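Structure record follows, encoded as C-alpha cells.
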Amino acid sequence: MKSAFWKRWGLLLILVTLFPLTIVLPQSGVINPYINLVLKYVGINIILTISLNLVNGYMGEFSVGHAGFMAIGAYAASILTVWVFPREAGAFFFPLALIAGGVAAGIAGLGIAVPAFRTRGDYLAIVTLAFNMIIKSVLENMEVIGGPRGFMGMEKLTSLAWVYVCVIVTLFLARNYVFSNFGRGVLSLREDEIASGLVSVNTRQVKVLTFVFSAFLAGIAGGLFAHELQFINPRSFTILKSTDMLVMVYLGGIGSLGGSVLGATVYTLVLEGLRTVLQQFGISQEWRLVVAPLMLILLMIFRPRGIMGLREFRFLTPRDDQPEMLAEQRKRIKAASRIDEVSP
C-alpha cells in the first residue's frame, strides 16, 4: 500500500514540497540574484519549448514564428498591469494579466491557424514566418505603446515562485492534453494525416486547437518575460528568438515533454556559460548569436530527433495500473469464483 501511495502521489508531494523553497531561497540570499535570474529564464524557456513542441514535435508540423505569439502575450499582459489594473495591487492581478496575455496570443493563433491549415506541407512555416515579421512591424509602428523604443513601466512581478508554478501547470496541461483521447489524434497526424482522417480523426480541428493551445502557452511565457525585464521592444521578438525556441525543441527531442525540459535547461545554461567565457576573454557577445544556428544545423545532421526524441520520462506518462492492485484484484476474483462454485 505504501508503494502504491508513493507511485500515485509521490511526485505531487515532491513538487508541493519544493514550492516553498522557490520563495525562501531567493529571499534568504542562498540563491544570489544572478542564479535566480538564470533559473527564471530556464523556466520561461521550458514553457516556450513545450508550447512549440506541441506543434513541431507532437503534431509534426513546422512553425517558425512562435516569437510573435510571445510578443502578443508580453505586450497584452504589460498593458494590463501598467494601464488597466491598479498598480498598488499589481501582484494580485498578475495571474489574470498572464492569462489575458495567453488568451490574446491564442486568439492570434486562431486567426493564423484557420487559413494556414487549409494547406498542407511547408506552408505553415511560411505563414508563421510572415506572421512573426508582421507582428514585429506592427509593434514598431504603434506609437501608443512606444513603437520601436519599446514599452516600459511594468513592475518586477515575475518571481521564481511564479515561474515554478507556471512551469508545473504547463507540464500538467500539456501532459493531459497529449495523452488524452483528443491528444492521440495529434500523434496520429504526425504519423500519417491521411490515415488519421480515414479513422474519423477531425484533422483540421485537431490542428487548429493544438496550434491555439500552443500559442496560448507562448503568450503566458511572454507575460513572464516582460515582467522580469520590466521593458520590452519589438527587437526582443525577432526570428532569432524563434530560432532559439527551435534549437531548444530539437535539442531536447521532438514529441517529448521531458525533452523540452531538458533542451530548454541545457540551452539556457550553455548560453549563459558562453556569456561568462566570452567576457573573460574579452570577446564580443555577438558571437553567442552564432551558437543557436550552428547547434540547429548540427542537430539536423547528426541527431534530427534530439536527445529524447519520441521518448518520455516515466513520471510524465500515464500511470499504469499498479502491479500490487492487479494482484489483489486477481485474488479477489479467484476467491469470488470459489465461493460461487461451493454455493448451492
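Since every read-out is calculated from the coordinates, none of them should be taken as a lab result. No experiment lies behind these values; they were computed from the predicted model shown. Virtual Cβ from ideal backbone geometry, glycine too; neighbours counted across all protein chains shown.
Angle of helix 203-229 to the longest C-alpha principal axis of the chain, folded into 0 to 90 degrees and rounded to 10: 50°. In order along segment 241-255, the phi-based Karplus estimate (6.51 cos²θ - 1.76 cosθ + 1.60, θ = phi - 60°) of 3J(HN,Hα) comes to 5, 5, 5, 4, 5, 4, 4, 5, 5, 7, 6, x, x, 6, x Hz; Gly and Pro are listed as x. Here the contact order of segment 32-312, divided by its residue count and restricted to Cα pairs under 8 Å and six or more residues apart, works out to 34 percent. With respect to the chain, whose longest principal axis is taken over its alpha-carbon atoms, helix 160-178 is tilted by about 50°. Projecting the Cα positions of F92, M308, I239 onto the charge dipole of segment 32-312 (unit charges on Cβ atoms of Lys, Arg, Asp and Glu, taken about the Cα centre) puts M308 furthest along the positive direction. Shape class of segment 1-106 from the alpha-carbon gyration tensor: oblate, with a/c at 1.5 or above and b/c at least as large as a/b. Here the dipole of segment 32-312 is about 220 debye; that uses its Cα centre as origin and unit charges on the Cβ of Lys and Arg (positive) and Asp and Glu (negative). Between the helical axis of 123-140 and the dominant principal axis of the chain, each derived from Cα atoms, what acute angle in degrees is found, rounded to the nearest 10? Tilt of helix 123-140: around 40 degrees. Considering only A130, N181, L224, whose Cα is most displaced toward the positive end of the charge dipole of the chain, charges sitting on Cβ of Lys, Arg (+1) and Asp, Glu (-1)? Farthest towards the positive pole: N181. Here semi-axes √(5λ) of the Cα gyration tensor in Å was computed from the coordinates, and among (i) 38, 26, 21; (ii) 34, 23, 20; (iii) 30, 26, 21 the match is (i).
Relative contact order for segment 87-211: 28 percent, from Cα pairs under 8 Å spaced at least 6 residues apart, divided by residue count. Sparse packing (at most 14 other Cβ atoms within 10 Å of the Cβ) combined with a DSSP loop state is found for the following trypsin sites (Lys or Arg not before Pro) in segment 42-141: R118, R120.
Applied to segment 63-80, the Karplus parametrisation 6.51 cos²θ - 1.76 cosθ + 1.60 on θ = phi - 60° returns per-residue 3J(HN,Hα) values of 10, 10, x, 5, 4, x, 5, 4, 5, 4, x, 5, 5, 5, 5, 5, 4, 5 Hz, with x for Gly and Pro.
Put in line by how crowded their Cβ is, counting other Cβ atoms within 10 Å and starting with the fewest, M152, M308, M59 read M152, M308, M59.
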